[in-house]
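In what follows, a structure is listed as structure tokens, so that the remarks can point back to it.
Read the figures in this text as sums done on the coordinates, not as results from a lab. As the structure is a prediction and not an experimental result, all values here were calculated from the model. Please note: Cβ atoms are built from the backbone with ideal geometry, for glycine as well, and neighbour counts cover all protein chains shown.
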Amino acid sequence: MDVRNCKSCGKLYNYIGGPPLCPSCVKALDDKFDLVKKYIYDNIY
């Protein structure tokens with residue numbers, strides 16, 4: 001088991017691979033991505 005600090009918020013989490021972010025920060029990043037994607041899709045034309 002590899003326990004690390006999140007690079008974004010500093011909380012401890014169980015690292016299993018991927019970006020060095022805790023699950024809540026990954027979800028927040030995904031939510032922001034979806035918001036930007038929707039904005040671009042709605043305003044492309």
| field | Cα lying deepest toward the dipole's positive end in the chain, options 10, 40, 26, charges on Cβ | value | 10
| note | Treating only Lys and Arg (+1) and Asp and Glu (-1) as charged, each at its beta carbon, one finds that the range 2-42 has a dipole about its Cα centre, in Debye to the nearest 20, of 120
| task | Would you mind checking the tilt of helix 23-42 against the longest principal axis of the Cα atoms of the chain, expressed as 0 to 90 degrees and rounded to 10? | result | 10
| said: Considering just Cα atoms, how many Å³ per residue does the convex hull of the range 2-42 enclose? | reply: 59
| task | Just tell me which lysines come within less than 20 Å, Cα to Cα, of residue 7; anything on the same chain fewer than 8 places away is out. | result | 27, 32
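Please give the calculated 222 nm ellipticity per residue for the chain, where each DSSP H segment of at least 4 residues contributes -39500 (n - 2.57) and the sum is spread over every residue; nearest 500 deg cm²/dmol?
The helix-only estimate for the chain comes to -15500 deg cm²/dmol at 222 nm.
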